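The values are calculated or read from the model by the stated rules, or taken from the named source; none is laboratory data. The structure presented is a predicted model; accordingly, all values stated were derived computationally and were not measured. Glycine gets a Cβ as well: all are built from the backbone with ideal geometry, and neighbour counts include every protein chain shown. Surface areas here come from the heavy atoms of the whole protein model, side chains and all, with no ligands, DNA or RNA. Shrake-Rupley method; radii C 1.70, N 1.55, O 1.52, S 1.80 Å.
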Amino acid sequence: MAFFFKAAVSRARQTSPVEIVRSIKESLLALDTRTVVKALEDVERNISYLRQTLVGDRETEPNQEIVMQIATEICKEDVLSLFVQKLPSLGWEARKDLVQCWSVLLWQKVGSDHCCAQYLENHVDLLDFLVVCYNNIEIALNCGNMLRECIKHESLAKYILESASFELFFKYAELPNFDIASDALCTFKDLLTKHEMVVSQFLSSHYEQFFELYAMLVSSTNYLTRRQSVKFLSEFLLEPPNAHIMKRYILEVRYLKLVMALLKDSSKNIKICAFHIFKVFVANPNKSEDIIEVLVENHEELLKLIHNLPMTKGEDEQLEEEIDLIIKEIERLSRRANMRQ
């Protein structure tokens with residue numbers, strides 16, 4: 001192994017960036033030929049060599065000038081497209097090396113620009129392809145890693161959010177494969193958290209469609225999906241940039257009823273997360289009459305559910321205070337309604 005690394009380092013010093021990229025391109029294109037076994041061997045060797053050149057090893061740091069030239073050539077020769085298109089044809093080791101190369105290349109600057117990220121801006125079909133690849137059990141996790149690197153770039157995250165492909169994440173959250181469903185939820189969360197203003201604008205313009213789909217996640221029969229989506233909803237609704245979204249959400253009776261149902265869940269974690277959403281409905285000083293009516297009609301059951309929230313005494317003083325305030329507000333609304341009758 002030591003000899004292999006020394007040989008690779010020596011080769012890196014002798015091979016130009018143009019030659020490195022040309023070799024990779026030729027071997028990837030050769031995957032379409034009948035000599036696919038030989039082509040795969042060449043691809044694996046070339047991508048392994050590329051990874052060592054981009055990342056270096058314990059003894060040698062990567063040459064940044066060479067890395068910059070490689071990034072330029074990879075975009076110029078459309079090799080970034082081949083990385084995505086040929087990913088399903090590669091073996092496990094080659095895919096792992098390619099994902100590492102992808103991460104380096106997307107953040108390599110040429111001048112003041114991330115040239116590979118810009119390439120993807122001009123070839124957005126590659127982003128769609130990566131999203132669709134969650135359907136391929138062999139490469140789903142590789143594509144998830146590649147997508148999350150893309151999402152770190154605001155322009156690429158914005159494209160995915162606005163694309164038709166985005167809706168696929170609601171389907172992927174329900175996939176039977178635990179690892180793939182978890183990975184898809186992780187990517188979904190990154191899409192909705194990495195760039196606050198982009199997300200805020202997206203939710204404003206796609207409010208109805210997004211929350212109708214999201215309601216399916218939080219009421220899913222799949223425990224993982226339900227737990228993760230309720231937890232996430234309780235977090236991102238309370239983010240300051242999403243304040244206007246939250247104000248709109250907590251005026252809707254359909255979502256109040258959805259959250260009330262979650263308070264009955266068998267999971268302690270889901271109940272607590274649901275309470276953090278429910279409390280905003282109740283504490284809202286501008287509650288609609290429809291919201292008040294639902295709270296009053298169900299006040300006995302709600303008080304029982306809140307009193308029985310699964311927590312240890314003194315576990316969280318702030319949570320205890322919030323529970324007490326919500327109980328008092330529901331009781332106040334109920335008394336007021338009785339006085340009017």
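If the chain between Gln118 and Glu26 were fully stretched, how many nm would it gain, using 0.36 nm times the residue separation less the Cα-Cα distance?
Using 0.36 nm per residue and subtracting the Cα-Cα distance, I get 30.8 nm.
Quick one: P(r) of the chain from all Cα-Cα pairs, 20 Å bins, percents rounded to integers, in order of increasing distance.
With a bin width of 20 Å, the distribution comes to 26, 43, 24, 7, 0.
If amide H atoms are built 1.01 Å from N in the plane of the peptide, which residues on other chains or at least 5 residues away come under 5 Å of the amide H of Val110?
Cys115
Between Asp128 and Asn338, with labels modelled 7 Å along Cα→Cβ, what's the label distance in nm to one decimal, could you check?
6.1
Give the calculated FRET efficiency between Val55 and His244 to the nearest 0.05, with a Förster radius of 41 Å applied to their Cβ-Cβ distance.
Once rounded, the FRET efficiency stands at 0.40.
How large is the accessible surface of Leu237 in square angstrom, using a 1.4 angstrom probe and rounding to the nearest 10?
10
Given a cut-off of 17 Å, what percent of all Cα-Cα pairs of the range 138-194 lie beyond it?
I get 30 percent for the Cα pairs in the range 138-194 exceeding 17 Å.
Roughly speaking, what is the stretch gain from His307 to Lys257, that is 0.36 nm per residue apart minus the C-alpha to C-alpha distance, in nm to one decimal?
16.2 nm
Exceeding 25 Å between C-alpha atoms, which entries from my cross-link table qualify? They are Lys247/Lys271; Lys231/Lys279; Lys152/Lys279; Lys189/Lys268.
Over 25 Å Cα-Cα: Lys152/Lys279.
I need the calculated FRET efficiency for the pair Met68 and Ser204, taking r as the beta carbon distance and R₀ as 51 Å, to the nearest 0.05.
Working from the Cβ atoms, E equals 0.85.
Distance in nm between label sites at Glu329 and Leu213, each 7 Å beyond Cα in the beta-carbon direction?
If labels sit at Glu329 and Leu213, their model points lie 3.0 nm apart.
How large is the translational diffusion coefficient of the range 166-317 in µm² per second when you combine the Kirkwood radius over alpha carbon pairs with Stokes-Einstein at 20 °C and 1.002 mPa s?
So the translational diffusion coefficient is about 132 µm²/s.
Kirkwood Rh over alpha-carbon pairs of the range 79-216, then Stokes-Einstein at 20 °C and 1.002 mPa s: what D in µm² s⁻¹, rounded to an integer?
The Stokes-Einstein estimate is 139 µm²/s.
Summarise the accessible area of the range 185-288 (1.4 Å probe, protein heavy atoms) by the percent that is carbon and sulfur.
After summing per-atom areas, the C and S share lands at 56 percent.
Rounded to the nearest 0.05, what FRET efficiency do Thr33 and Asn269 have when you use their Cβ-Cβ distance and R0 = 51 Å?
Efficiency for this residue pair is about 0.45.
Return, in residue-number order, each cysteine of the chain whose C-beta is not under 4.7 Å from any other cysteine's C-beta.
Unpaired cysteines in the chain: Cys75, Cys101, Cys115, Cys116, Cys150, Cys186, Cys273.
How large is ³J(HN,Hα), in whole Hz, for each residue of the range 106-120 in order, when computed from phi with the Karplus curve 6.51 cos²θ - 1.76 cosθ + 1.60 and θ = phi - 60°, using x for Gly and Pro?
5, 10, 7, 8, 10, x, 9, 10, 8, 5, 6, 5, 5, 4, 5
Counting pairs of Cα atoms in the range 149-251, how many percent are more than 21 Å apart?
Roughly 30 percent, once rounded to a whole number.
Taking a virtual spin label 7 Å from the Cα of Asn177 along the C-beta vector, which residues in the range 122-157 bring their backbone nitrogen under 16 Å of it?
Under 16 Å, as judged by backbone N against the label point of Asn177, lie 130-147 of the range 122-157.
With an 8 Å cut-off on Cα pairs and a minimum separation of 6 or more residues, tell me the relative contact order of the chain in percent.
9
Give a quick list of GluC sites (Glu not before Pro) in the range 17-126 that DSSP marks as loop, anything other than H, G, I, E or B, with at most 10 other Cβ atoms within 10 Å.
For GluC sites (Glu not before Pro) across the range 17-126 that sit outside H, G, I, E and B with at most 10 neighbouring Cβ atoms in 10 Å, the list reads Glu59.
Sorting His153, His276, His307 by accessible area (1.4 Å probe), largest first, what list results?
The ordering from most to least exposed comes out as His307, His276, His153.
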